[in-house]
1. Exactly one condition in (1) more than 25 Å from the chain's Cα centre (by Cα); (2) surrounded by 17 or more Cβ atoms within 10 Å (Cβ to Cβ) is false for Ser784; which is it?
2. Considering every residue within the range 183-196, establish whether at least one is in a strand (DSSP E or B) and either out of contact with any Lys or Arg (no Cβ under 6 Å at 6 or more places or on another chain) or crowded, with 24+ Cβ neighbours inside 10 Å (or both).
3. What number of residues within the range 287-320 satisfy the criterion of being part of a helix (DSSP H, G or I) and either over 14 Å from Val238 (Cα atoms) or polar (S, T, N, Q) (or both)?
4. In the set Ala816, Ala820, Ala834, Ala872, which member is within 27 Å of the chain's Cα centre (by Cα) and not hydroxyl-bearing (Ser, Thr, Tyr)?
5. Give me the residue from the range 162-179 that is closer than 24 Å to Leu802 by Cα and open to solvent by 10 Å² or more (accessible area, probe 1.4 Å) and, out of that set, nearest to the chain's Cα centre (by Cα).
6. Would you check if Asp53 is at pLDDT 95 or above, surrounded by fewer than 16 Cβ atoms within 10 Å (Cβ to Cβ) and not hydrophobic (A, V, I, L, M, F, W, C)?
7. Residue under question is Ser747, and the condition is that it be open to solvent by less than 20 Å² (accessible area, probe 1.4 Å), hydroxyl-bearing (Ser, Thr, Tyr) and over 25 Å from Gly106 (Cα atoms); does it hold?
Amino acid sequence: MEKTSQSIDFASLANLLQPGQLITNPVELITYEVDASIDRGTPDGVVYPHSRDDVSRVVRWATEHDVPIIARGAGTGLSGGAVAENGGLILHFSHMNHILDLDKSGRSVVIEPGVVNQNLDEYVKQKGLYYPPDPASGRAATLGGNIAENAGGPHCFKYGVTTNYVTGLEIVLADGRAVQLGGRAFDYPEYDFTGLLTGSEGTLGIITKAYIRLLRYPPGVKTLLAAFDTVADAGDAVSALIGRSLVPAAMEFMDQKMMVIIEDFAQAGLPITAGAALIIEVDGYKNSLSAQMDEIAAALLEHKVLDIKIAQSEDEGEKIWYGRKNAAGAMARLAPAYLTLDGTVPRSKLAPTLTEINRICERYTIQVAYVFHAGDGNIHPFLLISDLADQKLMQRVHDAGREILETCVRHRGTITGEHGVGIEKRAYMPLLYNNDELNAMREIKEVFDPRNILNPGKIFPEDQGAREQGGMGAGGKGSGGELNVNDEIAKIHIPESTEEAREIIFTCRDANLDLRIRGGGTKSSLLPEAEHVLQTNQVNGIIEYAPQDLYVSVGAGTPIAELQAALASHNMCVPLLSPWDEATVGGIIATNFNAPLRMRYGGLRDLVLALTVVLPDGRVIRVGRPVVKNVAGYDLTKLFVGSHGTLGLITEATLKLNPMPRNRASLIVPVEDLELGLQWNHKLLRVCLAASALLLCKGVEGLSDAPYTLIYTAEGLAEDVAAELRQARGVLEVGDAGRVDQNDTLSGSEVWGHWLQAGKKGSNGIQKTTSLVRVGVAPKDLPSFIKILAPSLNESAYIADLANGMMYIQNGEDLADIRAEAHKASGYAVLLTAPKHMKETTDHWGYVPESLELMRKLKSRWDPQGLFNPGAFLV
């Protein structure tokens, strides 16, 4: 029987809290009936936690009393995610609003969930730093809510969404336990539950702390306003800009209706007689801004632009943006209410999608206005509602909304790019996901929240539907029929397609055979021997190349070197690098093996848009979509990145494309004194904007005659590279660096790759048996880590990836000491390669994440027999 507020024992809850932390007065609760959507629900009570311990106590109480918990920030969400639809207890985080720590040189910040987005941005901006995700509600929205929804904003086209900046979370689970996921270091050896929780809408855990990475604030910004006769013309112009490999910082779209009401409100100088307009912003060093704008203007002039206006001052540009960000508030001038949709489509599909949406709204006689993020294809049609009590109108609005989202999905997009599913779009989830994919998400929910206490009723369709699995199910067989136990089963399995891989998995599972998953075998040297190997190198080749939408889809067995060679002929690349020619796309994703250039472009978790995966039970699921923004359900792509093949077999991957950098150059600095080199690094980190590597090398041949060598690589527009290297030279001159050489062909990531390759095979190509250790700590802690270990590393060669907090050590025989110091810095040290005696006697992970129990539960749920890659990872 459903509990009522009268039957809930609030007295026992009040005893756990301080006076004023709990409210149950019905009048006071009215404030919490809504968020910024049109959904409603009255909570039974509201608690204002002051600390993680408060949250743990309240969640334990709620679990004992079977009361739902709904976490809430500022209530700015647009999908009903923070609405207590069927009662329950809201946790309102307005008191947990502190910035706990800022690391300026390492570019990271630790915050509580109640910190307001704009407050964080303004705070770090004063330190010369930048937090790019900027939702329109940023003046009120909290970071906890942004993380729960994986919020976006105008600048996500160039810089990515919230998940690209969250490196760790402290959460409270449904049983009240606090668990740390990730942290300030990168690439912890654990499942990426940080990425999974980001965008999970408070259904898996309650965020009490977040670790966030930051960027250098761009020195210059310029804004352009372009007018078009029609909505379709503006959409075509967006596709043309992307097709030319132009990547502005932001590209926003408004139609005439929206411009009229914004101009009346903000007097921003918008072209209100035009049918549509684009706001385009570029950033970087000031010397590059005019060249960027000239190139964009030239492209627009070829695509029916009526007028181009470039803001002549920072104030003029800010006025345009002020109008854009107040668009939703200005909507009241058109109608008392509206339904905002936020489907996303590939950018090349913008024009036809907008044409279809207009036809849908005309058919349902509904007024529609547009303002949206054109750069990432995230469409925001506002369906105007003149009377919320008009049931016939509301039915037409919802019917039109469904058809609009169907249109987005039909164009290979998604039903929500940044607002979340919540209540509003849960019925539409089957438009995007099949039963197996929805069930995989439900199973994750059951692992984290078996009693369904955390934000129940959100994300998943109310009609749960059949729970049958498309794979084997309980004791089932694959489509290949009965397995004769007397049949000879091959030892090496080499499928050529997802379906063939699925059949092999069925066969091995029926026979209870462990299965080793292998790509190019470049990172398998420490794995236990396996009798049966599934090798993916024949599931290869480019499946789809979409330069106009900046993605490429490939078979997982495609060698990275081959992919890059094919893309280079089109002046494009995927910003990945492996030291080994045989390394495959699937292998590098499964092992999360990142090069130093991640500081410029993001890591693998940021570059993988979609995956096709065969689960251990034979279900084939497609996770993600070929769009930059997709917050429909759980972000399962993150879960498979770095899972070492223990959760599923990756057969296809869709990756972000980047135009090849137009210019690249490196400064090579001999370093005689380690302490001095680390001081230079500290100051150079503050310069990095176009930098793709900042390395300190010891024992790397061919760089310099000094004991150490510092490498600083910048890449991008020629003007930006030149400006950055001038700044870097200035830092080094002040620091008395002496000789500084410039190399216009060498890159730090290539030096890293060649050194690792030589370390594994040697200059003669013969396999070596030296050890290689990878250390990960917060970037701010790496210099002190190096200094502490320096005496014991006299005989070791190493490369310190200073910007990313990574260190690669050859012949790191004192592994116990290395790990002890890494653990003191809340980091880790893993063994990548080792001679036979170390391989047989050493734990090559040496790390126990707080999430290990959850990892094992999920592994057991999807692979109860433990057949996939046994011994390959912590689980």
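The values are calculated or read from the model by the stated rules, or taken from the named source; none is laboratory data. Keep in mind that this is a model prediction, so the values were computed, not measured. Heads up, the Cβs are rebuilt from the backbone with ideal geometry, glycines too, and the neighbour counts pull from every protein chain shown. Just the protein is used for accessible areas: all its heavy atoms, side chains included, with ligands, DNA and RNA removed. Shrake-Rupley method; radii C 1.70, N 1.55, O 1.52, S 1.80 Å.
1. If we test Ser784 against (1) more than 25 Å from the chain's Cα centre (by Cα); (2) surrounded by 17 or more Cβ atoms within 10 Å (Cβ to Cβ), just (2) comes out false.
2. At the first step, the residues of the range 183-196 found to be in a strand (DSSP E or B) are none.
No; the residues of the range 183-196 include none that is in a strand (DSSP E or B) and either out of contact with any Lys or Arg (no Cβ under 6 Å at 6 or more places or on another chain) or crowded, with 24+ Cβ neighbours inside 10 Å (or both).
3. Residues that pass the stated criteria total 15.
4. That would be Ala872, the only listed residue that is within 27 Å of the chain's Cα centre (by Cα) and not hydroxyl-bearing (Ser, Thr, Tyr).
5. Among residues in the range 162-179 that are closer than 24 Å to Leu802 by Cα and open to solvent by 10 Å² or more (accessible area, probe 1.4 Å), the one nearest to the chain's Cα centre (by Cα) is Asn164.
6. Numbers: at pLDDT 95 or above: yes; surrounded by fewer than 16 Cβ atoms within 10 Å (Cβ to Cβ): yes; not hydrophobic (A, V, I, L, M, F, W, C): yes.
So Asp53 passes the test.
7. Taking the combined requirement at face value, the residue does not satisfy it.
So that you can scan it fast, the table gives a plain yes or no per residue for (1) of a type in the set (Ser, Thr, Tyr); (2) touching a residue at least 12 places away in the same chain (Cβ under 8 Å); (3) open to solvent by 10 Å² or more (accessible area, probe 1.4 Å):
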| position | (1), (2), (3) |
| --- | --- |
| Lys309 | no, yes, yes |
| Ile320 | no, yes, no |
| Ala328 | no, yes, yes |
| Leu334 | no, yes, yes |
| Lys349 | no, yes, yes |
| Thr353 | yes, yes, no |
| Thr365 | yes, yes, yes |
| Phe372 | no, yes, no |
